[in-house]
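Every number here is computed from the coordinates shown, using simple stated rules; none is lab data. For clarity, every value in this text was computed on a predicted model and none was experimentally measured. A quick note on method: Cβ atoms are made from the backbone with ideal geometry, for glycine too, and the neighbour counts reach across all protein chains shown.
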Amino acid sequence: MTASAITRHPAEPEGVVAQAYWQMRDTWTVTKRNLRHFIRQPRLLVFSTIQPVMFVVLFSFVFGGIAGAALPGDISYIDYLLPGIFVQSSAFRSTQTAVGLAEDLERGVVDRFRSMPMSRVAVLGGRTIADLVRSIAVIMLMIAVAYLIGFRFTEGVVSAVGAVLIVALFGLMMSWLFICLALYVPGAEAAQTAGFVVLFPLVFASSIFVPLETMPGWLAAFASQSPLTHAADTARALSIGGEALRPALLAIAWCVGIMAVIIPIAVRRFRSMS
Amino acid sequence: MSAVPAVSVENVRKNFGDTEALTGVNLTVDEGEVLGLLGPNGAGKTTLVRVLATLLTPTSGTARVLGHDVVHEAAQVRRKIGLTGQYAAVDELLTGRENLRMFGELFHLSTKDARRRADELLERFDLAFAANRPARTYSGGMRRRLDLASSLLVRPDLLFLDEPTTGLDPRSRNSIWDITRELVDEGMTLLLTTQYLEEADQLADRIAVIDHGHIIAKGTGDELKDQVGGQVVDIVLADPADLNRALDALPGAEAASGGRTVRVAVIDRDPLEVVGEVAATLNSSEIQVRDLGLRRPTLDDVFLELTGELAESAPDGDDVQEVVA
Ligand SMILES: Nc1ncnc2c1ncn2[C@@H]1O[C@H](COP(=O)(O)OP(=O)(O)OP(=O)(O)O)[C@@H](O)[C@H]1O
Ligand SMILES: [Mg+2]
């Protein structure tokens, strides 16, 4: 029989603190769900692990020869490349956030979420956070593979952690961007395609693969303003040395600024969708 | 009269672009009542349920659920309702147990309570044996039960059931009916949509018939059936040429569709007695019969009577009339 003690709705949260608590707990519940999905969908596992590992290996061997020559001093290409690949793979992975959300919106289970007294932000937040956890796991895997082919962090553990964190922040921002996109562009494929079309040029017009000095003036000028360059430069400086503070402040400003605008837009859009 | 009805709907309209899904619905459901919303495909049942469950905003009109406006006080409404939609709203990749635990947590039960409640419901809904299998692998009936269980992690004051048995075999249907009856016995208010008069009749205290986006009739099952004339005896003649002789021989008989079917209404009498009389009369008049049977009114009949037109794709077609010589 259902007539047990807790079958009534628990008392509803009152006050800002209680609401914030439930918001976080709901987000965590949805995050767990999304992580389970991730593990149970081999397609996603492959996409998000094999692909970046191949990027690391192929780029460093194929372009290592010519790119290495353009690098200052004794920096090897894998050392230059890996922090950039963190940023590149985070950017591409964020298109998966759009796909995941678009698929969710077509699933009945989100209807149930909507009819429940749970926090609305949790559906979106739970997805971006799950994707963040996944992203960090993939970065760890890339680091392990890179170590096998000669990459080394030179700035100590704290800086290395900082490099991963700045990329994580960048990835989180990108995920929210794509959440927003998925909420406005109907259909999973459309969201992913739209994403790639914009991302591809941005990834190459940055310091991710090669130093800006090797680019034509106009392109270098554009690339030097790109948040992808700031994120890559920060991660690189924290990994193998160099000026970290300035790009770090720029990268953080970009990420926080974009999220401050995009999260409220996405949440409002999601609330009003029916 | 209880002070606040569980559901009160006033002149609710809902358009999707050019489609007018709801064209002015007025409806009240009292607390503790089971209302059956009966209508054919496309009548607007799901749309109405989704408006009441705060999933859709009505184009105009007002709807209140348990005293709260579904648009302006959606959060309060969500706290008191349970929804089992037409299509199972469970997570396909999670196991049955994981689904229930997740929904329990999202209903703001403590982790411990969510676990306990999930186990209770798996037991009660006969799903314990498949608790650790992904919902993707469940049969239609199991999925329905899991969906229903997901609405009951905390006891709702009002439960919406949108076509809970469509597509289920008789055994699964009966188990859903049993569960539904238990919930009713526990005093839950229920709004149930269905395409089957039989189902509305079995489960509901009161039935509202919806067609083309508005309610065209309300009443108890018996009242509706009286409108359609209750049970009938249908006689399919072996030879259509006997039609007039049969109509003369049987008092109160009328011709039904097809040109070879004669129908006798059973009004306030023992149906078996009427069947016996009809059979005896036909026998003594030496009229050959291909088929003779007692029929309950179907959704078709209700619609024919109420709207003068045949319900589009009603589920229980009248085979007797379809017989081709
Ligand atoms: N999201 C939508 N966009 C456009 N039209 C819709 C939408 N939802 C429903 N409709 C239309 O509104 C009408 C009512 O649909 P609804 O789903 O409420 O019917 P129903 O009574 O539940 O039918 P069924 O028995 O097939 O489930 C239909 O004509 C349907 O095509
Ligand atoms: Mg429907």
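According to the Cα-based calculation, Rg over Rh for segment B:231-295 is 0.92, with Rh computed by the Kirkwood formula. As an equivalent ellipsoid, chain B spans semi-axes of 43, 23, 17 angstrom, where each value is the square root of five times an eigenvalue of the C-alpha gyration tensor, largest first.
May I ask for the longest run of chain B untouched by GluC sites (Glu not before Pro) that are loop-located per DSSP and have at most 12 neighbouring C-beta atoms (other than their own) within 10 Å? Result for the longest clean stretch: B:1-185. Using just its DSSP H runs of length 4 or more, each adding -39500 (n - 2.57), chain B gives a mean residue ellipticity at 222 nm of -10000 deg cm²/dmol after division by all residues. Could you tell me how many degrees, from 0 to 90 and to the nearest 10, lie between the Cα long axis of helix B:111-124 and the main elongation axis, the longest principal axis, of the Cα atoms of chain B? Computed tilt is about 20 degrees.
Modelled this way, with points 7 Å down the Cα-to-C-beta line, the labels at B:Asp239 and A:Val256 are 9.8 nm from one another.
Calculate how many DSSP beta bridges within chain B are antiparallel, expressed in % of all such bridges and rounded to the nearest 5.
Taking every DSSP beta bridge with both residues in chain B, the antiparallel ones total about 65 percent.
For a Förster distance of 51 Å, can you work out the FRET efficiency between the beta-carbons of A:Val198 and B:Gln227, rounded to the nearest 0.05?
0.25
Extension gain for the segment A:Ile39 to A:Glu243, taken as residue separation times 0.36 nm less the Cα-Cα distance, is 69.6 nm to one decimal. Here segment A:13-272 is described by how far its Cα atoms reach on the three principal axes: 60, 36, 35 Å, from widest to narrowest.
Taking GluC sites (Glu not before Pro) as exposed when their DSSP state is a loop state and no more than 11 other Cβ atoms lie within 10 Å, the longest site-free interval of chain A runs over A:15-242. Remark: spin-label model distance B:Asn41-B:Thr59 equals 2.3 nm, labels positioned 7 Å along the Cα→Cβ axis. Relative contact order for chain A: 25 percent, from Cα pairs under 8 Å spaced at least 6 residues apart, divided by residue count. Residue by residue, segment B:38-43 carries 3J(HN,Hα) couplings of 10, x, x, 3, x, 6 Hz when phi is fed to the Karplus relation 6.51 cos²θ - 1.76 cosθ + 1.60 (θ = phi - 60°); x denotes Gly or Pro.
Just to check, using Stokes-Einstein with a Kirkwood Rh over alpha carbon pairs, what's the diffusion coefficient of segment A:118-274 at 10 °C and 1.306 mPa s in µm²/s?
93
If only the Cβ of Lys and Arg carry +1 and only the Cβ of Asp and Glu carry -1, the dipole of segment B:121-238 around its Cα centre is close to 620 debye.
Here the Karplus curve 6.51 cos²θ - 1.76 cosθ + 1.60, taken at θ = phi - 60°, turns the phi angles of segment A:170-185 into couplings of 4, x, 4, 4, 4, 4, 5, 4, 6, 4, 4, 4, 4, 6, 9, 9 Hz, with x standing for Gly and Pro.
How much of the DSSP bridge set in the protein assembly as shown is antiparallel, in percent, rounded to the nearest 5?
If I count the DSSP bridges inside the protein assembly as shown, around 65 percent turn out antiparallel.
Near B:Gly141, once Lys and Arg are set to +1 and Asp and Glu to -1 for all other residues with Cβ below 12 Å from its Cβ, the sum equals +2.
Each residue of segment B:103-109 was assigned a 3J(HN,Hα) from its phi angle through the Karplus curve 6.51 cos²θ - 1.76 cosθ + 1.60 (θ = phi - 60°); the sequence is 5, x, 5, 6, 7, 6, 7 Hz, with glycine and proline shown as x. Between the beta carbons of B:Asp270 and A:Tyr184, assuming R0 = 45 Å, the FRET efficiency works out to 0.10 to the nearest 0.05. Once the mean of 1/r is taken over each pair of separate Cα atoms and inverted, segment B:79-148 shows a Kirkwood hydrodynamic radius of 12.0 Å.
Which value, in debye to the nearest 20, describes the size of the charge dipole of the protein assembly as shown about its Cα centre when Lys and Arg Cβ atoms bear +1, Asp and Glu Cβ atoms bear -1, and nothing else is charged?
3480
Over the Cα atoms of the protein assembly as shown, compute the convex hull volume and normalise it per residue, giving Å³. Don't jump to the answer; show the numbers that get you there.
Working: hull volume 119.6 nm³, N = 599.
Enclosed volume per residue, from the Cα hull, is 200 Å³.
Each Lys and Arg adds +1 at its Cβ and each Asp and Glu adds -1 at its Cβ; summed about the Cα centre, segment A:111-205 shows a dipole of about 220 debye.
Counting only Cα atoms, the size of segment B:125-167 along its three principal axes is 30, 25, 15 Å, in decreasing order.
The simple spin-label model puts a point 7 Å past each Cα toward its Cβ; for B:Ser257 and A:Ala69 those points are separated by 8.5 nm. In degrees, nearest 10, range 0 to 90: what is the angle between the Cα axis of helix A:121-148 and the longest Cα principal axis of chain A? Roughly 30 degrees between the two axes.
Axis angle, to the nearest 10 degrees, between helix A:188-204 and the longest C-alpha principal axis of chain A: 30 degrees.
Taking R0 as 56 Å, what FRET efficiency do you get between B:Leu306 and A:Phe61 from their Cβ-Cβ distance, rounded to the nearest 0.05?
My answer for the efficiency is 0.15.
Close amide H pairs (under 5 Å, H built 1.01 Å from N) link B:Ala6 with B:Val29, B:Asp30, B:Glu31, residues at least 5 positions away or on another chain.
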